[in-house]
1. Against the condition within 20 Å of the chain's Cα centre (by Cα) and either more than 16 Å from DNA strand D (Cβ to nearest atom) or closer than 12 Å to residue A:127 by Cα (or both), how does residue B:99 come out, does it pass?
2. Do you know which of the residues in the range A:102-111 that are buried (at least 17 other Cβ atoms within 10 Å of the Cβ) and more than 7 Å from chain B (Cβ to nearest Cβ) is farthest from the chain's Cα centre (by Cα)?
3. Identify all residues within the range A:1-29 that are touching a strand residue (DSSP E or B) at 6+ places or on another chain (Cβ under 6 Å), within 17 Å of residue A:57 (Cα to Cα) and outside any helix (DSSP H, G or I); write none if there are none.
4. Checking the condition at pLDDT below 85 and more than 28 Å from residue B:65 (Cβ to Cβ), which residue from A:81, A:67 passes?
5. Go through the range A:87-134 residue by residue and tally those that are farther than 12 Å from residue B:114 by Cα and within 16 Å of ligand 2 (Cβ to nearest atom).
6. Residue under question is residue B:93, and the condition is that it be within 11 Å of another protein chain (Cβ to nearest Cβ), at pLDDT 85 or above and under 20 Å from residue A:63 (Cα atoms); does it hold?
7. Would you please list the contacts, defined by Cβ atoms under 6 Å and residues six or more apart or on different chains, that run from a residue in the range A:112-136 that is facing chain B (nearest Cβ under 7 Å) to a residue that is modelled with pLDDT under 85 and part of a loop (DSSP other than H, G, I, E, B)?
DNA sequence: TAACAAAACGCAACAATGTTACAAAAACGA
DNA sequence: TCGTTTTTGTAACATTGTTGCGTTTTGTTA
Ligand SMILES: [Mn+2]
Ligand SMILES: [Mn+2]
Ligand SMILES: [Zn+2]
Ligand SMILES: [Zn+2]
């Protein structure tokens, strides 16, 4: 786990270790507030924001739109690659019952027709509904 | 314009008329803050939130994800239909330079493979990049 | 047109999310 | 161990969004 930080050019701190552990253990996308609950209130709110930000900038996490309200983060597809340039170009699914958001890593976002002259740099596809555990 | 409100079962108020006018005139997705600037500070912030909410509930506007930070609203595809059950199932494009968000009404969101047992109720596809006016 | 009930509004208060500035503490390479 | 750079904690602030409540407005009916 410390190796993961080093590999992504992030200094090893106790805060970063606990945040990383949260994501490795729970395997789903987490909002700032959810991580805060997991690591406890002893970690400063702002520090946590900065840790999430540094993880994203260094290719450890990627942003996931949450309900058009706030952001969640999820582990990047190839966390163990040195290459940060991978795309995480996959869809996400959010269950409206249990609230969990998961990566659909096998479902890459298809090409979309865009007007002439437009240039797409990034795309976000969020599906909402019920997960297998919450369906009926 | 008053007819539009009536058609969607919304009482005619001065606030609703000015908000509706904003959307009819500017033809792009607007955030709460952007509408507030257009209608002026004399309209209460909370009232504006409630007007946007009522417009969405009655099929006049639909939500558009904005940068995973906040929400924008755009006129529904078939504002003049009595049927509110239309889907607005199209992609959106946000320009990272000018900040404008537009509906790509000709680009419906394609079907995505989802895990067995999952049920999709709604989907949001946001493309980000540069619009034709901001490219180079 | 007057009266009434339902809906919308204004205001206050609150919660959640996110950002910035600055000084203290910790990490890391030399 | 020393010195530099990064990270952290704290405070202060901004934006976004929600709830409760009393007042005003709207649409309907007598
Ligand atoms: Mn993902
Ligand atoms: Mn749209
Ligand atoms: Zn679920
Ligand atoms: Zn533009």
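1. So residue B:99 fails the test.
2. A:109
3. Listed by number, the list holds a single entry, A:29.
4. Only one candidate qualifies: A:81.
5. Looking only at that region, the number is 8.
6. Taking the combined requirement at face value, the residue satisfies it.
7. Once the first residue is facing chain B (nearest Cβ under 7 Å) and sits in the range A:112-136, its partners that are modelled with pLDDT under 85 and part of a loop (DSSP other than H, G, I, E, B) give A:123/A:109; A:125/A:109; A:128/A:96; A:130/A:97.
The values are calculated or read from the model by the stated rules, or taken from the named source; none is laboratory data. The structure displayed is predicted, hence computed values, not measured ones. Backbone-built Cβ (ideal geometry, glycine too); neighbour counts: all protein chains shown.
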